[in-house]
Amino acid sequence: MHDYYNIKFVDGYFFFINQTKLPLEEEYIKTDNFERIAEAIEKLEIRGAPAIGIAAAFGVALSLKASDGIMQNDESFYKAFERIKKTRPTAVNLFRALDEMKKVYEINREKNNIYSVLIQKSSEIHSEDIMKCNLMASFGFEIFKELSFRLNKLKLRVLTHCNTGKLATGGEGTAFAVIKKCFEEGLIEHIYADETRPLLQGSRLTAFELDKNRIPFSIICDSMAGYLMQKGNIDLVITGADRISSSGNAANKIGTYSLAVLSKYHNIPFFIAAPTTTIDFDIDFIKEIPIEERSSSEINSFRNLKITKSNYPVYNPSFDTIPAELISGIITENGLFTYPYKFSSLDRKL
């Protein structure tokens, strides 16, 4: 099987895989237009909290590719900044990346090489995410190894939700990177991938990545998770997160809260893997996390095929929230944090 990539920047152009066409078609898009990048984020052609942050950074940088002079630079940069800022509300990584780019721009706006400066900063954000993915994988492996010892099991059966791999990040992934590392070290027996309704990021994207990496897996409907836990077929659950509050409350793809509750009832460890850029130090309570609501078309149709009547009322929140006390541990590039979550050791500027 040939390799694949999610996002990259080469010779003045931003490349990304169109995730809406996976797994049936691998289409790669080439652009140097910030508007096209904004549209890709909105349409979920680019998705995953770390990945949209990286894409946002390159988007505002590219807005200055053909700009000339400080006044035109200001107009181009802030237009791109505001446009990309409105794409998706829940993942804090997007806003953190945009704020970093804005700081760099305002410090260097009078330099003739401002475009190169911004591209360099975008590349640094991308490289940092790759490093964080690798560190999360290493920490996660040690945690899973200890858990397998306590369970007296040579290999673990793991349930995951949505997509947290290369397709969601700049590197190998968050939760998926942990899974991949554990599989390579002989610690994984089987992965159960929730289909993740309504857009099927599990059955389309996570299955695609598991297959590419030759990791044994089964796709299940979201509603089957409890049955598998009841049968004793799940040793642990690991997911990603799109935003984590300062006290450890988390937001992730809709359906994650249900998994956390089921895990608690069945005494199954429930982990989140996420970089520290996902932590929002400015919020504490669950109700402060903004939850994106998306189009009814995502539920009443799929790829333009009608599933039910278009005029039926639909409620489509894209995320739900997980109380901190339901999370066994949050794996970051700085190690494992456990309840009660205190991120005071981390720099608020992360």
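Taken together, the values in this text are just the output of simple stated rules run on the coordinates, not laboratory data. Owing to the predicted nature of the structure, the values given are computational and were not obtained by experimental measurement. Please note: Cβ atoms are built from the backbone with ideal geometry, for glycine as well, and neighbour counts cover all protein chains shown.
Rounded to the nearest 500, the helix-only mean residue ellipticity at 222 nm of the chain stands at -12000 deg cm²/dmol, with each DSSP H run of n ≥ 4 adding -39,500 (n - 2.57). Across the range 163-262, how large is the tail of the calculated P(r) beyond 20 Å, expressed as a percent of all Cα pairs? Summing the P(r) of the range 163-262 above 20 Å gives 37 percent of all pairs. Among Lys65/Lys102; Lys155/Lys180; Lys181/Lys253; Lys121/Lys180; Lys212/Lys306, which pairs are too far apart, with a Cα-Cα distance over 20 Å? Distance filter (> 20 Å) returns Lys181/Lys253; Lys121/Lys180; Lys212/Lys306. Rg and Dmax, both from the Cα atoms of the chain and both in Å, are 20.0, 66. If the chain linking Ser295 and Lys342 were pulled fully straight, counting 0.36 nm for each residue of separation and taking away their Cα-Cα distance, it would gain 13.3 nm. Under a 5 Å amide H cut-off, with hydrogens placed 1.01 Å from N, Ser301 pairs with Ile307 among residues at least 5 apart or on other chains. The residue among Cys221, Ile244, Ser328 whose Cα reaches farthest toward the positive pole of the charge dipole of the range 132-337, with charges on the beta-carbon of Lys, Arg, Asp and Glu, is Cys221.
By the count of other C-beta atoms within 10 Å, a proxy for reagent exposure, Met71, Met101 are ordered fewest to most as Met71, Met101.
Note: relative contact order over the chain, using C-alpha pairs below 8 Å and six or more positions apart, is 16 percent. Relative to its Kirkwood radius, the Cα radius of gyration of the range 132-337 gives an Rg/Rh of 0.96. The rule of thumb for compact globular proteins, 2.2 N^0.38 Å, goes into the C-alpha radius of gyration of the range 7-128 1.00 times. Residue by residue, the range 318-330 carries 3J(HN,Hα) couplings of 7, 9, 10, 10, 10, x, 4, 5, 8, 9, 5, x, 10 Hz when phi is fed to the Karplus relation 6.51 cos²θ - 1.76 cosθ + 1.60 (θ = phi - 60°); x denotes Gly or Pro. When DSSP beta bridges are restricted to pairs lying wholly in the chain, around 50% turn out antiparallel. Each of Phe149, Phe15, Phe271 has some number of other Cβ atoms within 10 Å of its Cβ, and from fewest to most they run Phe149, Phe15, Phe271.
Counting only alpha carbon atoms, the long axis of helix 49-62 and the longest principal axis of the chain meet at about 10°.
Taking 13 Å as the straight-line reach from the Cα of Lys287, the aspartates and glutamates in range (excluding those fewer than 8 positions away in the same chain) are Asp320.
Working note: Debye formula, equal point scatterers on the alpha-carbon atoms of the range 9-55, no solvent; log10 I(q)/I(0) at q = 0.24, 0.26 Å⁻¹ is -0.88, -1.01.
Ranked for footprinting exposure by Cβ neighbours inside 10 Å, fewest first, Arg96, Arg294 give Arg294, Arg96. Annotation: the antiparallel percentage among DSSP beta bridges lying fully within the range 132-337 is about 40.
Across the range 216-225, rounded Karplus estimates of 3J(HN,Hα) from the backbone phi angles (6.51 cos²θ - 1.76 cosθ + 1.60, θ = phi - 60°) give x, 8, 9, 7, 10, 5, 4, 6, 8, 4 Hz, Gly and Pro being marked x.
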